[in-house]
Amino acid sequence: MTNNHISLTLKTFLYFISFAFLIVLAFWILEIAVLDSLYADSRKENCYDVASYIENDLKKYNKYTIEEDVADLRNAFRDLESDNEMSIWVIKKGKGGLFTNIYGITIPPNTIENLWKKIEKSNLSENFQETDSLFTFSKIITLEDDSEVLLVLVSRIVPIDSIVRVWRRQFYIISIIIVVLTTIFATVVSRNITKPITSLNKAARVLARGKYDTKFEAYDYAEIKELADTLNYASSELGKLDNYQKELIANVSHDLRTPLTLIAGYSEMMKDYPSEMTKENLQIIVDEAKRLTTLVNDILDLSKMQSNNSAYEKEEYNLTESIEKIIERNTKLLTSVGCKVNFESREDVIIEADQTKIEIAIYNFLNNAVNYCGEDKQVIVKQVVEDNLVKISFIDHGIGIEKEHINDIWNRYYKANKNHHNRGIGGSGLGLSIVKNVLEGHGFEYGVNSEVGKGSEFWFSAPIIRIMESENNEK
Ligand code: ADP
């Protein structure tokens with residue numbers, strides 16, 4: 001199969017790789033553009049912290065002279081110096097430096113003198129000085145005995161080359177690791193994501209070839225599992241339809257062949273032997289021709305309705321009267337099965353519907369009730385008015401329908417009791433499917449209650465437009 005679409009595997013893979021690329025890019029931008037200034041800022045902040053720490057310390061030691069505490073302070077500052085990678089100088093006016101630093105950054109005495117002057121001149125107690133590579137923070141601290149000391153912190157603000165080199169190397173390694181790991185991860189994930197889809201696709205192709213027992217399996221993801229369930233449902237429905245269709249061809253060809261054989265046989269016999277031209281024999285030909293008509297009409301009705309579902313010509317009409325007429329019109333046919341139909345109604349009900357189509361539905365319900373009527377040979381058609389609805393039921397005391405078939409009988413070509421069909425009125429397995437089409441098309445409720453061996457009650461209900469009191473109540 002050729003198509004211009006990029007495969008899901010490749011797409012997922014590309015998404016992951018782009019993501020990795022973006023992360024690496026972000027790393028490099030960080031390294032090139034912001035790292036230096038970030039480093040400088042953090043060093044400055046560091047200076048402030050250390051300065052305030054030392055200030056507190058110096059004030060604490062003030063009860064002694066600073067010279068006496070040299071040893072203690074030197075130790076404390078040494079730790080600070082190594083922890084913060086800076087040189088710390090505390091200088092008492094006129095007496096030179098108290099401490100030497102451990103990093104070998106020496107500040108010439110005139111620089112200290114200058115710093116002191118600068119601070120005093122600026123009327124500020126502290127001063128920053130930034131050169132290319134050094135950051136000098138100086139501050140005059142007044143101790144509790146009012147004597148003043150100068151605190152000088154010297155720190156490198158640009159990362160020294162070796163640090164930068166180490167960082168660069170780390171960046172290279174991290175970038176390579178990210179790219180490699182993402183490639184592996186992307187390959188595995190994209191394969192995993194697309195594997196169930198590929199397998200569903202394979203199964204769907206098998207289904208398309210007409211193998212309706214194909215099973216779609218997918219357990220990994222909820223969405224794919226849902227899709228697999230839907231496909232399983234679709235394949236089982238397609239399988240059923242296929243079976244129904246095969247059965248229909250078998251049934252229809254059987255149902256067509258039997259009356260056609262009879263018609264042809266009797267006609268030829270009467271042609272050859274004119275004495276056989278009796279009323280009974282002619283009746284057989286008429287009956288068989290009728291059965292053929294029913295079958296062909298059913299098929300035509302259904303296909304017409306399915307191709308033109310919305311074309312309902314609705315009008316207000318007397319439903320009760322129309323049921324009476326249907327029963328009357330078909331009395332002969334019904335009595336040929338030896339069945340009696342009782343219609344129970346109290347009033348004439350006007351509904352709005354497509355009369356012709358609803359009559360087809362009623363005829364089919366009636367036909368079935370007669371076809372499957374029990375030994376009492378009684379069929380009851382009952383009209384009940386409930387609130388603003390009229391419910392019409394078709395009740396027989398025949399074989400009933402097993403629970404497992406009850407949902408399928410509305411499907412096309414479905415015949416639940418294949419061996420119990422009265423031959424009086426031919427059945428195509430299409431009747432209830434036509435009924436369903438008509439009633440759903442009108443938005444009417446319908447259903448069936450049935451018990452095996454006791455009989456069935458098929459019903460539908462429709463909104464009432466008007467009620468007219470009937471002249472003779474129970475009919
Ligand atoms: P058919 O032409 O075979 O009657 P329908 O679509 O009208 O087709 O009905 C489908 C199936 O439903 C029938 O084959 C039969 O098995 C079952 N069925 C319908 N009506 C009744 C009924 N009143 N009693 C028992 N079974 C029925």
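The numbers here are math on the coordinates, done by the rules we state, and not lab data. Here the structure is a predicted model, which is why all the values come from computation and not from measurement. Cβ: placed from backbone, ideal geometry, glycine included. Neighbour counts: every protein chain shown.
The table for this structure:
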quantity: Per-peptide average of other Cβ atoms within 10 Å, ordering 352-358, 135-141 highest first; calculated: 135-141, 352-358
quantity: Cβ crowding within 10 Å averaged over residues, with 373-383, 197-207 ranked highest first; calculated: 373-383, 197-207
quantity: Loop-located GluC sites (Glu not before Pro) in region 378-407, at most 14 other Cβ atoms within 10 Å (DSSP); calculated: 402
quantity: Positive minus negative residues near residue 7 (Lys, Arg vs Asp, Glu; Cβ under 13 Å); calculated: +3
quantity: DSSP bridge orientation in region 254-402 - percent antiparallel, rounded to nearest 5; calculated: 70 percent
